[in-house]
Amino acid sequence: MSPDKHDTGEAPVLNRGVASRLDEVADSGLLDYRSEALPTWCPGCGYYGITHALAGALVELGIENENLVVVSGIGCAGRYPFFLKGYGFHGVHGRALPLAGGVKIARPELTVLVVGGDGDGLGIGGGHLPHAIRRNIDVTYILFDNGISGLTKGQSSPTTPQGQRTGTHPWGNPDTPLDPVVLGLGYRASFLATGFAGDPDQLAGIFTRALAHRGFSFVPIVTPCVTFDAVNITWDRMREGWQPVPEDHDPNDLSAALALALDENRYYGVLYEETDRPTFADAQAGIADRAGAAVS
Ligand code: SF4
């Protein structure tokens with residue numbers, strides 16, 4: 001085969017603006033958390049901004065690559081472990097939370113991050129969420145909520161609005177959507193923050209607090225699926241109605257957090273945080289101590 005006539009064998013010459021931006025990114029440390037595998041998401045997908053924000057949070061916290069474990073289920077977000085530099089587990093559909101819990105129980109010193117979409121986490125995996133929350137397992141769960149099942153080509157998901165036309169419901173989705181924020185607060189996640197893709201600085205701050213929280217951190221993020229949703233969560237519509245959590249909001253007040261979640265406006269930031277609830281590991285250690293005392 002003849003060589004590509006455009007391939008001179010020399011490095012491409014970048015214009016000065018691009019070259020200096022690349023230098024800035026390299027100096028920022030963000031690339032330290034990106035693997036050599038390039039993401040295969042569609043151009044324009046919201047996952048790129050979320051990934052950028054997450055790398056920013058990891059840089060901020062200085063988490064070592066060898067101490068990071070990313071666990072996913074199935075879906076476009078399920079590919080995440082391939083694109084971050086750390087340990088990863090691409091699990092089966094809907095089972096990321098129990099897998100992540102097992103990792104954390106076996107290796108409590110590691111930072112365990114769970115990622116998944118609304119179909120994976122609230123559909124087939126929906127039964128795991130309340131139990132991970134009530135056990136307060138010390139992992140961070142980022143839910144990529146795009147209101148559609150993207151990997152399977154645009155089926156309705158548990159968060160698809162009622163009436164939206166989708167691949168599985170061409171005459172309109174008959175079901176009422178779930179609200180992951182209200183669900184998480186209803187189960188009383190010990191940390192709950194929310195936000196939207198497209199503002200990585202805002203998201204990086206949220207992820208930093210979520211990863212630093214000791215206990216179960218639940219972070220549902222609204223993000224567009226540009227390929228299979230042209231009407232619900234689009235880049236133009238995604239920012240509608242969002243405002244920062246009010247400065248006088250008390251994140252220890254569950255009722256106030258629920259009121260914000262049910263408000264017609266949408267609030268980004270930390271809605272709820274409990275810092276003194278024992279984690280699953282704390283509770284297990286207490287049981288082991290009591291059992292040891294009983295037999296000695
Ligand atoms: Fe993103 Fe949708 Fe493409 Fe999946 S199908 S990568 S969610 S734009």
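Tabulated results
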quantity	calculated
The stretch 85-100-the stretch 235-296 distance, computed between alpha-carbon centres (Å)	23 Å
Among A257, A197, A19, residue whose mean-square fluctuation peaks in a GNM of the chain (springs only between Cα atoms under 10 Å)	A19
Calculated from backbone phi, Karplus (6.51, -1.76, 1.60) coupling profile of the stretch 27-34 in Hz, x at Gly/Pro	5, 5, x, 4, 6, 5, 9, 9
Dipole in debye (nearest 20) - the chain, about Cα centre, beta carbon charges: Lys, Arg +1; Asp, Glu -1	920 debye
L151 long-range amide H proximity, modeled H, under 5 Å	C76
Taking R16, R165 and counting other C-beta atoms within 10 Å, the order from fewest to most	R16, R165
Using a Förster distance of 22 Å, the FRET efficiency for T176-R214 (Cβ separation, nearest 0.05)	0.05
Distant-in-sequence amide H partners of F218 (H built 1.01 Å from N, under 5 Å)	Y141, F191, L192, A193
With Cα atoms, 0 to 90° folded angle of helix 96-106 axis to the chain main axis	70 degrees
Residue with peak Gaussian network fluctuation, the chain [Cα springs, cutoff 10 Å], from S35, S20, S156	S20
Sorted by Cβ density within 10 Å, fewest first, the residues K153, K85, K104	K153, K85, K104
Most mobile listed residue (T111, T152, T51) in the chain, GNM with C-alpha springs under 10 Å	T152
Computed E for H90/A293 - FRET, C-beta separation, R0 45 angstrom, nearest 0.05	0.60
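Values quoted throughout were computed directly from the atomic coordinates according to the rules given, and no laboratory measurement underlies them. Owing to the predicted nature of the structure, the values given are computational and were not obtained by experimental measurement. Cβ coordinates were reconstructed from backbone atoms using ideal geometry, including for glycine residues, and neighbour counts include every protein chain displayed.
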